[in-house]
Amino acid sequence: MKQSLTFIPTMREVPSDAEIRSHQLLLRAGFIRQNTSGVYSYLPLGKKVLDNIEGIIKEEMEAIDAFEVFMPALQQAELWKETERWFSYGPELFRVKDRHGREFALGATHEEVITSLLRDEVKSYKKLPMTLYQIQTKFRDEQRPRFGLLRGREFIMKDAYSFHATEESLDEKYMEMKQAYTNIFTRLGLDFRSVIADGGTIGGTDTHEFMALSEIGEDTIAYSDTSSYAANIEMAEVNANYEKSDEPLKEMEKVATPDQKTIEEVATFLNVEAVDCIKTLIFQVDEKLVAVLCRGDHEINDIKLKNALDATTVEFAYEGDVLQLLSCEVGSIGPVQLPLDLQVIADHSVASVVNGVCGANEDGYHLTNVNPERDFAVDQYADLRFIQEGDLTPDGEGTVKFARGIEVGHIFKLGTTYSEPMQGTFLDENGRSKPYLMGCYGIGVSRIMAAVAEQFNDESGLKWPKNLAPFNIHLVAVNMKDEKQKELADELYKLLKSYRFEVLYDDRAERAGVKFADSDLIGLPIRITIGKKASEGIVEVKFRESGESTEWPKEEITEKLQAFFGAE
Ligand code: ATP
Ligand code: MG
């Protein structure tokens, strides 16, 4: 492609509204342009990168017998009402009306559409399993669209859905998908981890996320420094083996702690560690209040609490409700002598506290030498806290470390979450009607472009991995007015294309400095510069990744390029 003819609007200045490197560079190098908040156009270079990402995804999907379809983005509200998601999905779902006042959703995801498609066609176990996928624009009215392509309101997703007659068949496809995803992200060149995840609002049980490691990632991953264990901290299980001191139990005492409210304040005031304190929080769990205990050095994880109590919503209780229940402020609550009908749930770590400190349910006082079981009852112990760096890993084989990640893929076992309410059923071998077992598998195609840009860049610009680069080679003629240079550049352009290399030919009448700066910004794997030595048939070659340069005689160029690009 001749650069003089195409549309690559590069910018020297860093756009003021782009906070992160990938967003800045994709704008500056002319890959994308913002249309409005969270909505982007992909320019010729950006479109080529998308096509390359999609090509890899398609190959790996077809390899596990997932077949491509293309479903509507305009989805009638009735389908979303069948699963109640029309009501539960909230403001993230774009809703529109047609000229007759009928309601539609703009596809945020396609479980409803695909289940309705199959339920009318696939009615026997003989046609199962069946796996279909599509690559399509999704619409989500995100609360905080940001970081360019990382969180858009209109974005491109690969979504696959599998349908099964048996658990074994679903398990098998899930494992195949997990492997296919690993292949995809490896081929994309991403530094990534697959982590155990939380099911979230889509529902379902077994689920893994694929995280591209990056400082600017919105998710935190807990991983083991020695084993392969990795999980999203949203739900990372905590190893419940706590050491318990064998110090003798002392007599409980009530002590004055005027104006000491937080754990830190109380611990400092009483000269103890946060580990020795018991934190008591009152949560509103669906309709009732529940007392939730954890150690002073830990934080309660809402998702775990919700799962442990099998609840729909959990949130901190209103201060007014707490005052009415216990006649004290939030900072003075403790587990001793709570109202009998108040349910008490504690994190496993609380059981290991010996002679601890807690609130006295009276403003300005705390209790010391408090011991679980002897001084207060717990209805249920569970894993309720956030994992922390330095914890023992759940598999017991290492120490927990944290890293930040960008979620680029997510796979779920959905079970019958959608097929049941939508009556997506088939007849099994015995003629019995059963709902399909389903899996769903998403990849953020446009988000990947940003994640790769985030991982592959330097101060001068982008550095595309070979598999994703919009072109293989940037052919730059330093001075197009120089006959010799132009002649050799034209000749090489033709030659390289005939060898099936993808070439971006900078044939513009720009200054050399501008051309080189643009070339570094765009970041193709190899730049071939035709300059002063054109008359000798020698070109300069620069490798974007390593920054190394060398000279090649023109006769050796194709062979050397084949070696470079073939060496994957
Ligand atoms: P997130 O937690 O980031 O909001 P999600 O859990 O809502 O993601 P899924 O519904 O599982 O995401 O969608 C599948 C994939 O689509 C995600 O793994 C992610 O890569 C991508 N994706 C989701 N939301 C967006 C968005 N707003 N912009 C770009 N990509 C997105
Ligand atoms: Mg989301």
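The values are calculated or read from the model by the stated rules, or taken from the named source; none is laboratory data. Everything quoted here is computed from the prediction, not taken from an experiment. Glycine gets a Cβ as well: all are built from the backbone with ideal geometry, and neighbour counts include every protein chain shown. To get the accessible areas, we keep the full protein, side chains included, count just its heavy atoms, and leave off ligands, DNA and RNA. Shrake-Rupley method; radii C 1.70, N 1.55, O 1.52, S 1.80 Å.
Observations on the structure shown:
- Criterion: within 30 Å of Ser433 (Cβ to Cβ) and either free of Cβ contacts under 8 Å to residues at least 40 places away in the same chain or within 16 Å of ligand 2 (Cβ to nearest atom) (or both) - qualifying residue of Glu167, Glu121, Glu176: Glu121
- First in the stretch 34-52 and at positive phi, second anywhere and outside any helix (DSSP H, G or I), Cβ under 6 Å, 6 or more apart: Gly38/Pro145; Gly38/Gly152; Gly38/Arg153
- Identity of the residue in the stretch 139-162, touching a strand residue (DSSP E or B) at 6+ places or on another chain (Cβ under 8 Å) and without any contact (Cβ under 8 Å) to a residue 60 or more places away in the chain, that ends up farthest from ligand 1 (Cβ to nearest atom): Arg144
- Val514 surrounded by fewer than 22 Cβ atoms within 10 Å (Cβ to Cβ) and out of contact with any His (no Cβ under 9 Å at 6 or more places or on another chain): yes
- Filter pass, His110 being more than 16 Å from ligand 1 (Cβ to nearest atom) and assigned by TED's automatic domain parsing to the domain that holds Asp428: no
- All strands (runs of 3 or more DSSP E) inside the stretch 229-290 with 1 or more residues being open to solvent by less than 100 Å² (accessible area, probe 1.4 Å) and more than 30 Å from His410 (Cβ to Cβ): 253-256, 278-285
- Set side by side, the residues Ala63, Ala77 differ, and just one is of a type in the set (A, V, I, L, M) and out of contact with any strand residue (DSSP E or B) (no Cβ under 9 Å at 6 or more places or on another chain), which is Ala63.
- Residues satisfying the stated conditions in the stretch 488-524, i.e. in a helix (DSSP H, G or I), of a type in the set (Asp, Glu) and more than 22 Å from Gln562 (Cβ to Cβ): Asp518, Asp520
- Of all residues making up the stretch 373-393, the number that are open to solvent by 20 Å² or more (accessible area, probe 1.4 Å) and part of a strand (DSSP E or B): 3
- Screening Val503 with (1) of a type in the set (A, V, I, L, M, F, W, C); (2) in contact with a Leu (Cβ under 6 Å, 6 or more places away or on another chain); (3) surrounded by fewer than 16 Cβ atoms within 10 Å (Cβ to Cβ) gives one miss only, at (3).
- Of the candidates Ala197, Ala212, Ala165, the single residue that is in the same structural domain as Phe147 (by TED's automatic domain parsing), at pLDDT 95 or above and within 13 Å of ligand 1 (Cβ to nearest atom) is Ala212.
- Qualifying residues in the stretch 459-483 (those that are open to solvent by 20 Å² or more (accessible area, probe 1.4 Å) and free of Cβ contacts under 8 Å to residues at least 60 places away in the same chain) - the one farthest from ligand 1 (Cβ to nearest atom): Glu483
- Ile184 part of a strand (DSSP E or B) and assigned by TED's automatic domain parsing to the domain that holds Gln423: no
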